[in-house]
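Novice: Take this structure, written in structure tokens, and hold onto it; I'll ask about it next.
The values are calculated or read from the model by the stated rules, or taken from the named source; none is laboratory data. All values derive from a computational prediction rather than experimental measurement. Reconstructed Cβ throughout: ideal geometry from the backbone, glycine too, with neighbour counts over all protein chains shown.
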Amino acid sequence: MVERLIRTIKEQCLWMHNFSSLPEARNAIGKWLEFYNNERPHQALKMKTPAEVNALAA
């Protein structure tokens with residue numbers, strides 16, 4: 001599961017940008033992870049976001 005996440009980060013974030021510094025890359029990855037967890041629907045979660053699934057479980 002972690003390997004798939006790393007592949008997705010590479011495909012949808014890292015490979016799409018030419019970062020000029022490590023802080024710039026960290027910032028972009030942080031924003032992407034916020035999007036990934038709060039806005040992006042996941043097929044494995046029946047097209048819900050992880051945030052939606054966590055809210056239902058609480």
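Novice: What single numbered condition from (1) surrounded by fewer than 11 Cβ atoms within 10 Å (Cβ to Cβ); (2) modelled with pLDDT of 95 or more fails to hold for residue 43?
Specialist: So the condition that residue 43 fails would be (2).
Novice: Right, another one. Do any residues in region 1-20 that are free of Cβ contacts under 8 Å to residues at least 40 places away in the same chain and loosely packed, with under 12 Cβ neighbours inside 10 Å have Cβ atoms under 9 Å from those of residues that are of a type outside the set (Lys, Arg) and assigned to a helix (DSSP H, G or I), where the two are at least six apart or on different chains, and which pairs are they?
Specialist: 5/36
Novice: Go through the chain and tell me which helices (runs of 4 or more DSSP H), entirely inside it, have 2 or more residues that are among the hydroxyl-bearing types (Ser, Thr, Tyr). Walk me through it before giving the result.
Specialist: Numbers: elements: 2-12, 22-38, 50-57.
Correct list: empty, since no element meets the threshold.
Novice: List pairs: first residue in region 32-49 and touching a residue at least 12 places away in the same chain (Cβ under 8 Å) and more than 18 Å from residue 11 (Cα to Cα), second residue among the small types (Gly, Ala, Ser) and surrounded by 11 or more Cβ atoms within 10 Å (Cβ to Cβ) anywhere in the structure, Cβ distance under 8 angstrom, at least six positions apart or on different chains.
Specialist: 38/51
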